[in-house]
Amino acid sequence: LLQFNGICSIILANKRVAAQKILRRIYMKKIIALVCAVSLFLSAFALSGCTKNYLTNTNPVTESFSNISVDCDTADIRIVRSENGDCKVVCYEREKAQHAVSVQDGTLNVKLNDNRKWHERIIGSSHDKVTIYLPNTEYCDLTVKSDTSDVNISSGFEFNSVSVALSTGDVTLL
């Protein structure tokens, strides 16, 4: 009897080990299937992000202003002196994420209007650029808000106050 119980214990132990191996294989297959599904999902988003349509929009500014406010997401921002005395804002931007340019209450406003779907924002890098050509050298306030941008301000400009708020990026005075 003792031997019989020992043999039964060994058989039961072997069946438990075999059952555990089967469960491990099943879990492993599920994990592999999940990884493949996530990879395909992310690849689809990456491909949709690679097919962005970029435009160059030139926005002439005819109203007078003394303040400048720029609110972007990831566009690199350049403020340069206008060679011909005309004020304009040139935006190299995505078709579904364009910048609105307006003058309100003496402030030149450049603001991102982002009409992309949530999944179009996940993967992909931005190459957006906003260049502001200014005819004068003296202005009251310059305010720039962005997440990840480089801000370049050409030499020769004077501002009463400058406020630049970036999550990441560089501010360069040329």
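The values are calculated or read from the model by the stated rules, or taken from the named source; none is laboratory data. What you are looking at is a predicted structure, and each value in this text was computed from that prediction instead of being measured. Every residue, glycine as well, gets a Cβ built from its backbone with ideal geometry; the counts of neighbours run over all protein chains shown. Accessible surface is based on the protein model in full, side chains and every heavy atom, while ligands, DNA and RNA are left aside. Shrake-Rupley method; radii C 1.70, N 1.55, O 1.52, S 1.80 Å.
Among residues of the stretch 140-174 being within 24 Å of the chain's Cα centre (by Cα) and of a type in the set (D, E, K, R), the one that is nearest to residue 105 (Cα to Cα) is 145. Does residue 15 satisfy being at pLDDT 65 or above and over 30 Å from residue 131 (Cβ atoms)? Spelling it out, it is not the case that residue 15 is at pLDDT 65 or above and over 30 Å from residue 131 (Cβ atoms). Using the structure shown, decide if residue 131 is loosely packed, with under 11 Cβ neighbours inside 10 Å and farther than 11 Å from residue 72 by Cβ. For residue 131, the condition - loosely packed, with under 11 Cβ neighbours inside 10 Å and farther than 11 Å from residue 72 by Cβ - is not met.
The selection criterion, being at pLDDT 90 or above and open to solvent by 90 Å² or more (accessible area, probe 1.4 Å), holds for residue 63. Scanning the stretch 67-86 for residues that are more than 29 Å from the chain's Cα centre (by Cα) and open to solvent by 50 Å² or more (accessible area, probe 1.4 Å), we see that the one that is nearest to residue 101 (Cα to Cα) is 86.
Name the one entry in 48, 43 that is in contact with a helix residue (DSSP H, G or I) (Cβ under 8 Å, 6 or more places away or on another chain), of a type in the set (S, T, N, Q) and either surrounded by 13 or more Cβ atoms within 10 Å (Cβ to Cβ) or modelled with pLDDT of 60 or more (or both).
Numbers: 43 fails: in contact with a helix residue (DSSP H, G or I) (Cβ under 8 Å, 6 or more places away or on another chain).
Criteria check complete, one pass: 48.
The residues on offer are 86, 105, 170, 128, and the sole one that is in contact with a strand residue (DSSP E or B) (Cβ under 6 Å, 6 or more places away or on another chain) and of a type outside the set (S, T, N, Q) is 128.
Taking each residue of the stretch 43-67 that is over 29 Å from residue 86 (Cβ atoms) and looking for partners that are of a type in the set (A, V, I, L, M) and modelled with pLDDT under 80 with beta-carbon atoms closer than 6 Å, six or more apart or interchain, yields 45/122; 45/123; 46/123; 49/123.
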